[in-house]
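A short write-up of the structure that comes next.
A short reminder: the numbers here are calculations on the coordinates, not readings from a lab. All figures in this text were calculated on a predicted structure; none of them were measured in a lab. Cβ placement follows ideal geometry from the backbone for every residue including glycine, while neighbour counts extend to all protein chains displayed.
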């Protein structure tokens, strides 16, 4: 039965040399098919002496098992190779641009406005807006700004008729809030557009945005203003910021202060942004004037509180290093795309 | 106001302090020093005498001089045209540091030069205070100037330092040097002494006068006049000239200078007339005149009835509180003087000064406000100085019209109130010390502190004002930092604010830029208002033609922004703006959208999201649905409202139920051209209506357990049959045992062209059927499907193409 060994050598070599799955399949038919060489051996069984039949049968089965194992091994090998070749051929250029979802940007004024609103919402404030065309009662009279004050002249404010004008400050909202809430406590911020008779240039705009804060309660002293503004300065300009109060004057607050924040660019050492002083003037504030409370219907002996007014353009210009206030209103796409996130 | 070291040193000892110290102390107390200005500067200077002066051999304008500088004789090349032998001059020696740089020995065109002969401008003296002669050449000192003196700046009185202080409106009292000096002394905690002059104005009160002083207008409530029968005009004393110079005032002669120095000291403007040049011994303040009038400056002004005028015998002799007349000004030969000290309404002065563009030292002071007792102080001080420096004699009785109306005031408060307002824990001694330093003469009675407010401090009205005095004098560095302790409040946005933020976020996420444009617009933009309500509010005095009306619509501004961007090469510009609008009908909030180019684009993949009607429609629908407005309440109907700005066939009115909430679609080609753009789709939406409409609540609806079945249909219909109608018919007719089993309808193809008649189109739709009650078997589906086909064929005159 020398042909067993010969056959084995023959199919071992054949399977081993198969170059692709088609060849391998053809070999499977040749050796393992119903009419294949191994099946042909089984047909010789009838010629084998009876006592040798079991041994012969076993040998044929062993041969078949060996052939099947060799075939499976080769098949796996060839399949794996074919997959590798396919994957290699599917390689793409990783440097071509991806499909980026398009995403617009908030105007930086709204970026700052939203950041400020959220900051004060976190402290329990409500956000109150008001009309842009206001009665001069709320814009001036209630804010303790006397009739003959220059701001109340056509030359400085945008009057529509003797009693109505485009609000010159968001204080106009606060005065309305005071009247509506008296005698209850208040904790609000009031954002909005305001208008002045100014010629537009790099640092002036006839239209700009403010956000004012107002807190009224039984005991809300000036020191509470300092703590609140310290919180604001650190949130907006960094944890290391300090604030400084300087005496000032506003008709609707007493005492009145200008508030400086230690320079976020140089950390207070002095640089062009802070003009070498280490401090940047950022807002005006104070304890609400007793007359203002009284006019709105509060008893200034029983309550007090503070108010502050922040220029949104000023904060945005300082925070982002913007050099011209007109940028906010031209909405050049190349300008707006700088402001692609809150930071 | 300007405050110099020499002024301050008249009243207090400043030893140990330089002007930087003073500046930072007063700034911290509320008087912001804007600039510290030395009147001159320069080191290594000496007074010299020009011994010889000849032309430089190699120059047509330089001179060659020898100068005695006390320590020797040096050769100096000098370019000044006025240099001459025998002059006493200021010499900057080699090594001198001047504002323009350092002086060195050297050779100028071959001639040795050891120093520089200086002009005052070269020493940094304010050019405005110099004459043309002084500006053109070197400073020639008096003949008796001491050669070798190494402090020529001191010799000339130019060694002063001036603080330029910005005053807050409540501290107009500090326009007066005396008041500012007293304040400075209080801040520096140094004692101060002021000149004794009180009562000097009583001189001559025993002598009768025929002078008439009066006013016919309530805008001049009080008026003092006094005749000085004899004065001598001469040069002012040196101290007076120096102080005037430090305040930026030219010295003219002793009498004029006295009126100026008293104004600086007391803050009260006054006017001196040459009595002999007046038509009568009479001054009456009037308004209601209309005339031409030539003032001191030689300019003729047109006087209007609202202006206050000083008249004498009916003839104008001065614009009250602003400027006197040319005819009656003090001249070299003046011998008899009439003093005017009056109170004028500050608004009237402001209006006149503004209209005449005439801001004088006097008018500025009147506009800011003058303390009630200043007039009397000024008269006393003027008479005092006139007696001492102008040989004033034959002084007549003061004539008084009106009263100063001054009522002294006290304020009572407690330490607890002050600490309570500030959040501080100052002790009584500190607070009392502040009040004493400020001359408030505090008295203590138990807990009660009573202060006596001086006439100069009209700004102090109550405890709040006193609390400010305390904190600014003690210093804001002592203010603690605390947070309000109040009942908990909920920090929040109201529902409308939240929804507005949502809309912003959604539009940003879809690639639109958030814009902010101006509220004030031109006539043209107002005329092009889209969905604008009522009539525009117009500024009676507009900022400019571009800024005349309050806008009623955002789109015209947004289109301008689009055009601005496109003209600068920006592509694919899509913008939105949410803004408040105001008209004579009230306040509205609108949302405007402008889309241009592609909303999304990956060019190498040839994939874009174009900006056409369907893009903006989808955006609006999605926005409304996500705000909680049911899809079945949103309609896009043919635009009959505005076809001037929109393409009539490619725009729609947007409705929520029966409410028109906006217009959207392609821009009309003509309007696009007006805006300088080629293509855009846009929308103007009334946000108040959107946000105000009823919103559905978010609710779970059960997911059907039964399988869904999908079917396609295609019809041929007339071109003018809207796809929406077919979809509606399918939804309405797709029912089985009254259950709406059509769960979705999607148009997936619209075809016009070959194989379809010219006036027809083919529409293909996909439907999903599902029941919540049972599995839909073939028979059921077929029944529903056939019902739908029947309904479409009947209601839309459609021909079934495939099913």
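With Cα atoms defining each centre, segment A:185-216 and segment B:415-439 are spaced 34 Å apart in the structure.
Springs join every pair of Cα atoms under 10 Å in this Gaussian network model of chain A, and among A:37, A:333, A:181 the largest mean-square fluctuation is at A:37.
How many percent of Cα pairs in segment A:10-63 exceed 12 Å? Numbers along the way, then the final one.
Details: 964 of 1431 pairs.
Tail of the P(r) past 12 Å holds 67 percent of the pairs.
Residue separation times 0.36 nm, minus the C-alpha to C-alpha distance between residue B:603 and residue B:34: what's the value?
Numbers: separation 569, 0.36 × 569 = 204.84 nm, distance 5.77 nm.
Stretched fully, the residue B:603-residue B:34 segment lengthens by 199.1 nm.
Take every pair of alpha-carbon atoms less than 8 Å apart whose residues are at least six positions apart; their mean separation over the length of segment A:163-275 yields a relative contact order of 16 percent. Label positions at residue A:34 and residue A:118, each projected 7 Å from the Cα along the C-beta direction, are separated by 7.5 nm.
Take the Cα radius of gyration of the protein assembly as shown and divide it by 2.2 N^0.38 Å, with N its residue count; two decimals is plenty.
On the way: Rg = 45.5 Å, N = 1146, 2.2 N^0.38 = 32.0 Å.
Cα-based Rg divided by the globular estimate yields 1.42.
Each pair of Cα atoms in segment B:538-605 enters the Kirkwood radius, and Stokes-Einstein at 10 °C and 1.306 mPa s then converts it into a translational diffusion coefficient of 112 µm²/s.
Across chain A, Cα-Cα distances exceeding 34 Å account for 51% of all pairs.
R0 = 25 Å: FRET efficiency of residue A:342 with residue A:265, Cβ-based, nearest 0.05? Calculated value: 0.80. Relative contact order of segment B:167-301: what whole-number percent is it, with Cα pairs under 8 angstrom and at least 6 residues apart? Across segment B:167-301, relative contact order equals 27 percent. Ranking of A:95, B:768 by neighbouring Cβ atoms within 10 Å, starting from the fewest: A:95, B:768. For the peptide A:253-260, the mean number of other protein chain Cβ atoms found within 10 angstrom of a residue's Cβ is 5.
Can you tell me, using C-alpha contacts under 8 Å and at least 6 residues apart, the relative contact order of chain B as a whole percent? Could the numbers behind the result be given before it?
Values: 1581 pairs, mean separation 63.1, N = 803.
Once normalised by length, the contact order is 8 percent.
With R₀ fixed at 30 Å, the C-beta to C-beta distance from residue B:193 to residue B:448 puts the FRET efficiency at about 0.45. When shorter helices are ignored and each DSSP H run of at least 4 residues is given -39500 (n - 2.57), the per-residue value for the protein assembly as shown at 222 nm works out to -9000 deg cm²/dmol. Working from label points 7 Å from Cα in the Cα-to-Cβ sense, the residue A:73 to residue B:55 distance is 12.0 nm.
Which order do the peptides B:310-317, B:127-134, A:320-327 take when ranked by the mean count of other beta-carbon atoms within 10 Å per residue, highest first? If you can, show how the numbers build up before the last one.
Working: B:310-317: 19.4, B:127-134: 11.4, A:320-327: 14.4.
Ranking the peptides B:310-317, B:127-134, A:320-327 by packing returns B:310-317, A:320-327, B:127-134.
Per residue of B:267-273, other chain Cβ atoms within 10 Å of the residue Cβ number 0 on average. Angle of helix B:428-437 to the longest C-alpha principal axis of chain B, folded into 0 to 90 degrees and rounded to 10: 60°.
When A:81, A:75 are ordered from fewest to most other Cβ atoms inside 10 Å of their Cβ, what list results? Can you show the working numbers first?
Details: A:81 13, A:75 16.
By the 10 Å Cβ count, ascending, the order reads A:81, A:75.
Sorted into 10 angstrom bins from 0, the C-alpha pair distances of segment B:200-401 split as 9, 39, 40, 13, 0 percent. With a cut-off of 16 Å on the backbone N, the residues of segment B:498-537 near the modelled label site 7 Å out from residue B:584 along Cα-Cβ are B:526-527, B:532-537.
For the pair segment B:209-230 and segment B:1-77, the centres of their Cα atoms are 44 angstrom apart. Protection proxy ranking for B:743-756, B:584-597, using the average of other Cβ atoms within 10 Å per residue and placing the highest first: B:584-597, B:743-756.
Between 0 and 90 degrees, rounded to the nearest ten: what's the tilt of helix B:723-733 against the longest Cα principal axis of chain B? Approximately 60 degrees, to the nearest ten.
Based on the Cβ-Cβ distance of residue B:492 and residue B:746, what FRET efficiency does E = 1/(1 + (r/R0)^6) give at R0 = 51 Å, to the nearest 0.05? Could you put the intermediate results ahead of the total?
Details: r = 40 Å, r/R0 = 0.79.
Result of the calculation: an efficiency of 0.80.
When the Cα centres of segment B:735-803 and segment B:455-472 are compared, how far apart do they sit, in Å? Between the Cα centre of segment B:735-803 and that of segment B:455-472, the gap is 84 Å. For the peptides B:200-209, B:504-513, B:179-188, B:628-637, the ranking by mean Cβ contacts within 10 Å, running from highest to lowest, is B:179-188, B:504-513, B:200-209, B:628-637.
In terms of other Cβ atoms within 10 Å, B:384, B:151, B:173, B:326 run from fewest to most in the order B:151, B:326, B:384, B:173. Once the Cα-Cα distance is subtracted from the 0.36 nm per residue extended length, the residue B:754 to residue B:723 segment shows a gain of 9.2 nm.
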